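Report on the structure given below.
Taken together, the values in this text are just the output of simple stated rules run on the coordinates, not laboratory data. All values derive from a computational prediction rather than experimental measurement.
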């Protein structure tokens with residue numbers, strides 16, 4: 001048995017690698033390099049955006 005570390009450049013490459021491993025029935029583990037607390041905040045923000053619970057601010061208005 002051997003462990004490989006693969007550094008993909010983008011999500012498309014990651015998904016392609018996962019698809020190949022699944023097709024070949026090779027078990028794998030995937031972990032995020034982001035802090036789980038940060039990921040939770042981003043996901044919560046995405047949910048708020050889905051239900052229009054966000055407010056758009058023009059860039060020019062940020063410093064007024």
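Subtracting the Cα-Cα distance of residue 29 and residue 45 from 0.36 nm times their residue separation leaves 3.1 nm of extension gain.
Rounded, prolate or oblate: pick one for the chain, where a ≥ b ≥ c are the square roots of the eigenvalues of its C-alpha gyration tensor, a/c under 1.5 means rounded, and failing that, prolate if a/b is larger than b/c, else oblate. Prolate, since a/c reaches 1.5 and a/b exceeds b/c.
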